[in-house]
Amino acid sequence: MNPGLFLLSAATLAFEVNLTRIFSIAQFYHFAFMTVSLALLGFGASGTLLSLTPALARRPVRTLTALSWGVALTAVGSYGLTLLVPFDSFRVALDPGQWGVLTLHYLALSTPFLCAGTAVGLLLTIRPERIGRTYAANLAGSAAGCLLAVAAPPLMGAEGVVLLSAGLAGLAALLFSLNRRPATFSLKPLLPQAVFVFVLLLTAFHPPTWLEIRLSPYKGLSYALRYPDARLVFRGWNGFSRVDVVEASAIRSLPGQGFACSGQPPPQRGLFVDGDDLSPITHMESPTALRPLTSCLLTALPYRLRPDARVLVIEPRGGFDLLVALAEGAERVTAVESNPLVVRAVQAQGDWAGGIYDLPQVERHEEEGRAFLARPGPSYDVILLSLTSSYHPVTSGAYSLAEDYRYTVEGFTAALGRLEEGGLLVVVRWLQVPPSESLRAFGLAVEAVERTGGDPARSLVALRSYNQMLILARRGPFTARELEQVRAFAAAGSFDLVYAPDIRPEEVNRFNILPSPDDYLAFTGLLGAKDRAAWLADYPYDVAPPTDDRPFFGHFFRWGQVGEVMAMAGHVWQPFGGAGYLVLLGLLGVAAVAAGGIILLPLAGRGPARSILRGSGTFLALVPFGFLGLAYLFVEIPLLQRFVLFLGHPTYAMATVLGTLLLFSGLGSRLSGRTPPGLTLIGLAGLVLVYRAGLPLLSGSLLGLPLAGRLAVTIGGLAPLGMLMGMPFPQSLTALQERTPGLVAWAWGVNGAFSVVASVLAALVALSWGFGVVLIAGALCYLGAWVTRAWATHTPLRGDVPPYPAR
């Protein structure tokens with residue numbers, strides 16, 4: 001039955017990973033996260049289902065076949081339901097019915113995982129002598145599903161992967177059916193099922209239009225397509241994104257313009273990644289023709305200070321920042337774009353876009369910016385971090401979970417390290433009231449300048465337009481002549497000076513006059529603070545500089561915001577009225593209640609779990625499985641997020657890290673009988689702490705390796721940890737099988753229930769204290785499993801707990 005289990009596990013994990021891609025496009029980041037946690041809820045609930053319905057084990061082949069078809073049909077059906085009854089996150093404060101829609105989505109999308117988890121738990125129950133092999137097939141198939149979720153979208157899109165997952169689950173059902181006894185077996189009933197599976201797999205390459213992802217009406221692409229003359233001129237998928245290009249007469253983007261800007265941009269097309277964050281593709285014959293327009297933009301300043309500059313632009317997307325650099329006289333521009341599909345989309349516009357990525361003055365690299373900076377190479381006069389995100393009010397929590405390793409202390413330090421002496425690091429951020437993301441970026445520059453041996457008070461300059469902030473960090477102090485040039489540029493473009501080494505209070509708030517010069521006060525307050533940490537702690541929002549251990553640039557939440565967030569509920573346009581942190585806290589509460597239900601519901605039935613009422617020994621026997629559920633996720637989630645930096649893309653990290661851990665956990669489960677359980681758990685706790693200490697290596701020279709090298713380091717580095725992580729669960733399950741076979745299914749449910757809580761809790765802890773703290777918690781949970789396992793082993797079980805019937 002292992003081939004069928006392998007395919008079923010691959011189908012389930014491919015559907016899960018693909019679902020996070022779908023929700024990243026259709027909604028926002030935390031919706032994808034909640035979907036993953038609900039997938040774990042489905043797996044946990046499967047143990048409860050098995051405990052309540054032992055009759056499922058009496059005809060295992062028929063049950064496994066039905067469960068596989070359940071995965072296939074509910075995968076397509078639940079996804080179709082989310083399209084038929086869409087959830088509008090922006091209306092939850094005004095329309096309570098949206099919470100019902102959200103609940104319906106969660107219940108529906110957890111159903112495929114409930115079916116798959118029940119199948120795995122059933123096999124673990126009925127084949128106690130093969131627990132290691134069963135667990136290995138499950139994990140190996142899951143690893144294959146992770147890789148499939150990355151490899152398949154370029155061929156069929158995320159919608160097609162839904163059908164592909166269903167087809168693989170149907171194929172698993174056919175393989176399970178072949179295990180029937182010869183006396184009752186016939187191929188004839190399988191022929192219609194085989195035809196149906198073939199149709200599913202064939203249709204995956206050309207999914208019907210009704211399966212197309214339905215975007216939130218508030219995403220940028222949704223707005224753009226509403227223009228009367230809008231038309232989609234490009235759409236493409238790769239393993240980690242969808243890129244769309246829209247042409248419409250109303251698309252005009254001139255970021256960072258000042259009040260002196262009177263010209264209109266030439267015709268533009270809008271480039272969208274995952275349906276949002278418009279980046280303009282500008283129609284032009286030659287970059288120099290745009291000089292009258294670019295001269296009134298904030299980003300023209302560094303090229304006035306550094307004529308004929310050698311420029312590095314990180315994440316230029318549609319290429320507008322490349323045009324500004326060339327129009328302002330840059331000698332040569334190096335473009336580092338992490339998404340090859342973005343480059344392909346711009347190139348597909350042909351002469352319309354002037355072939356910006358193919359100009360002789362432009363050197364193109366398709367890789368992640370931090371990896372490029374970590375590799376030895378030439379120095380630059382100007383390094384620009386392009387602003388790739390749209391404006392989001394500081395109270396918005398929709399993007400607070402998204403990591404951005406460009407905007408960390410280590411990222412800024414790496415950029416400063418690639419500058420020539422006197423070179424400029426250029427950062428542009430949106431203005432907020434009170435200052436938040438601009439202040440955080442300024443604080444990052446302060447920390448990075450100090451780390452490279454500079455004096456931030458003399459090496460920073462900041463200007464603002466009416467909606468953006470420009471921050472310049474110089475490699476060395478600004479000269480008096482350069483500061484004169486800055487003032488002349490600001491006056492000509494009607495930009496407000498926010499900070500300069502010799503700034504005077506009367507120079508600020510002159511053009512775009514605000515009730516109070518909050519940005520100037522915040523920047524000078526941060527620089528002048530005797531105790532910078534105390535100053536940051538007293539600020540209304542969390543604006544402390546992010547690090548690679550806590551790379552959440554968009555997370556500004558403090559508990560002091562709770563009153564403001566609740567008062568604004570239903571009165572602002574951001575989802576949930578702000579602070580997605582509160583949404584995660586609510587999700588944690590839901591997960592805890594659901595986990596409690598999974599653990600305690602078997603007591604309501606007449607199955608073997610009721611033996612807990614006769615003594616505490618049975619309950620104690622289940623505690624280690626809870627610790628193992630917490631520990632595995634507390635290790636997996638921070639490693640996954642830290643390797644986003646190392647591998648360049650979240651989907652690459654998910655597929656490689658999750659696939660490696662699952663694959664080698666499967667191998668470890670096969671070897672679990674050869675290692676003492678106590679030694680395994682103690683060794684795991686120590687090894688997790690070793691990995692915690694080694695995480696900074698991912699930000700160092702190893703980051704400069706080619707992608708193939710980084711993949712090899714990831715797989716080789718995580719293999720020992722994955723192998724050890726695969727041993728404790730089958731070891732504990734085998735021991736429980738020997739003592740109390742009837743509790744195996746319940747233990748499976750307890751493990752899944754705690755995993756549901758751990759997935760949410762790990763994200764919350766990482767947001768507040770960083771990935772390293774989550775890993776330490778994972779090590780402590782492995783120690784907790786060791787202690788409680790030893791205690792349970794020496795505690796007599798009370799009550800008569802009959803085993804499940806064997807095959």
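Surface composition of segment 441-492: carbon and sulfur make up 48 percent of the accessible area, probe 1.4 Å. Ala693 to Arg458: FRET efficiency via 1/(1 + (r/R0)^6), r the Cβ-Cβ distance, R0 41 Å, to the nearest 0.05? My answer for the efficiency is 0.70. Most tightly packed first, judged by the mean number of other beta-carbon atoms within 10 Å of their residues, the peptides 111-118, 429-436 read 111-118, 429-436.
Most simply put, the chain has about 65% antiparallel DSSP beta bridges, counting only bridges with both residues inside it. Summary value for segment 228-353: 23 percent relative contact order, contacts being C-alpha pairs under 8 angstrom separated by 6+ residues. From its DSSP helices (H runs of at least four residues, each -39,500 (n - 2.57)), the chain gives a residue-normalised ellipticity at 222 nm of -17500 deg cm²/dmol. A simple spin-label model places pseudo-atoms 7 Å from Cα toward Cβ; at Leu155 and Ala735 they are separated by 4.4 nm. Of the residues Lys219, Lys188, Lys530, the one with the largest accessible area comes first in the ranking Lys530, Lys188, Lys219, computed with a 1.4 Å probe on protein heavy atoms. Once the C-beta distance of Ser389 and Arg58 is scaled by a Förster radius of 41 Å, the resulting FRET efficiency is 0.15 to the nearest 0.05. Taking R0 as 25 Å, what FRET efficiency do you get between Leu603 and Trp791 from their Cβ-Cβ distance, rounded to the nearest 0.05? Plugging the Cβ-Cβ distance into 1/(1 + (r/R0)^6) gives 0.70. Here is the short version for the chain: Cys115, Cys146, Cys781 have no other Cys C-beta closer than 4.7 Å. In order along segment 128-143, the phi-based Karplus estimate (6.51 cos²θ - 1.76 cosθ + 1.60, θ = phi - 60°) of 3J(HN,Hα) comes to x, 6, 10, 4, x, 5, 4, 5, 5, 4, 4, 6, 5, x, 5, 4 Hz; Gly and Pro are listed as x. Available extension along the chain between Leu107 and Ala250 is 47.4 nm, counting 0.36 nm per residue and deducting the alpha carbon span.
The slack between Glu129 and Trp769, meaning 0.36 nm per residue of separation minus the straight C-alpha distance, is 226.1 nm. Residue-wise HN-Hα couplings along segment 213-218, as the Karplus relation 6.51 cos²θ - 1.76 cosθ + 1.60 with θ = phi - 60° gives them from phi, are 4, 9, 6, 4, x, 9 Hz; Gly and Pro carry x. Surface composition of segment 199-347: carbon and sulfur make up 53 percent of the accessible area, probe 1.4 Å. Accessible area of Thr203 (1.4 Å probe, protein heavy atoms only, ligands and nucleic acids ignored): about 50 Å².
Normalised per residue, the accessible area of segment 145-274 is 47 Å², obtained with a 1.4 Å probe and no contribution from ligands, DNA or RNA. Of the solvent-accessible surface of segment 675-756, computed with a 1.4 Å probe over protein heavy atoms with every protein chain present, carbon and sulfur atoms account for 78 percent.
When the Cα convex hull of the chain is projected onto planes of every orientation, the mean area is 34.5 nm². Mean sequence separation of contacting Cα pairs (under 8 Å, at least six apart), scaled by the length of segment 647-797, corresponds to a relative contact order of 39 percent.
Between Glu363 and Tyr227, the simple label model (points 7 Å from Cα in the Cβ direction) yields a spacing of 3.6 nm. In order along segment 438-450, phi translates into HN-Hα couplings of 5, 5, 5, 5, 5, x, 4, 5, 4, 5, 5, 4, 5 Hz, rounded to whole numbers, per the Karplus curve 6.51 cos²θ - 1.76 cosθ + 1.60 with θ = phi - 60° and x for Gly and Pro. With the simple model of a label 7 Å out from the Cα in the direction of the Cβ, Ala492 to Asp531 spans 4.6 nm.
When a/c is below 1.5 the answer is rounded, else prolate if a/b is larger than b/c, else oblate, so apply that to segment 322-382 with a ≥ b ≥ c taken from the square roots of the Cα gyration tensor eigenvalues. The shape class here is oblate. The value for segment 277-386 of Rg(Cα) / (2.2 N^0.38 Å) is 0.99. Subtracting the Cα-Cα distance of Gln264 and Arg510 from 0.36 nm times their residue separation leaves 86.1 nm of extension gain.
Other residues with beta-carbon under 13 Å from the beta-carbon of Ser672 carry, at +1 per Lys or Arg and -1 per Asp or Glu, a net charge of +4. Spatially, segment 96-143 and segment 286-304 are offset by 56 Å when compared through their Cα centroids.
Relative contact order of the chain, taken over Cα pairs closer than 8 Å and 6 or more residues apart, is 17 percent.
The values are calculated or read from the model by the stated rules, or taken from the named source; none is laboratory data. Here the structure is a predicted model, which means the values were calculated and not measured. Reconstructed Cβ throughout: ideal geometry from the backbone, glycine too, with neighbour counts over all protein chains shown. Keep in mind that these areas ignore ligands, DNA and RNA; they rest on the heavy atoms of the full protein, side chains included. Shrake-Rupley method; radii C 1.70, N 1.55, O 1.52, S 1.80 Å.
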